[in-house]
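Note sheet for the following structure.
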Amino acid sequence: MPNWEEWSFVEEEEEDAAAATKQQGEALSPKSWLLPCLKKLQLVDCPKLRALPRQLGQQTTSLKELVILGASCLKTVEDLRFLSGFLSVGGCEDLEIVSNLPQVRELYAADIDQPYERLLNPVISG
């Protein structure tokens, strides 16, 4: 998907309503939970994709494997609290931060312009 630039799960209005519901302590409706059964996700050849949606880290509770290849404009991979298997990134030249991946067991990185120590510093020190 070479022209894909932005990825969002829901419209801002729905997201704001869900946030208000969550603040009030009410359960979120099943409609507001997207992709709860997703176990593997591969994003390949998305050179214009700038960011992963926040909901990916909040609602993909079964996610075990994430592969990102050829997303050269992607700057961060972070806050994927349910990702429990491995993360593999390659060809993501603009990637600056990989952080807050508390359950990740394996991390593979290739063709990244940042020194690994700088890229992974939040992971190593956090």
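The values are calculated or read from the model by the stated rules, or taken from the named source; none is laboratory data. Keep in mind it's a predicted model, so treat the numbers as computed, not measured. A quick note on method: Cβ atoms are made from the backbone with ideal geometry, for glycine too, and the neighbour counts reach across all protein chains shown.
Annotations
- For the stretch 49-83, filtering for residues that are at pLDDT 95 or above and of a type in the set (D, E, K, R) leaves 2.
- For S8, the test of being part of a loop (DSSP other than H, G, I, E, B), of a type outside the set (A, V, I, L, M, F, W, C), modelled with pLDDT of 95 or more and out of contact with any Leu (no Cβ under 6 Å at 6 or more places or on another chain) is failed.
- In the stretch 19-48, the qualifying residues are those that are under 18 Å from S84 (Cα atoms) and at pLDDT 85 or above, and the one that is surrounded by the most Cβ atoms within 10 Å (Cβ to Cβ) is L43.
Residue-by-condition table, conditions (1) buried (at least 17 other Cβ atoms within 10 Å of the Cβ); (2) not charged (D, E, K, R):
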position: L69; (1), (2): no, yes
position: L74; (1), (2): yes, yes
position: D79; (1), (2): no, no
position: V89; (1), (2): yes, yes
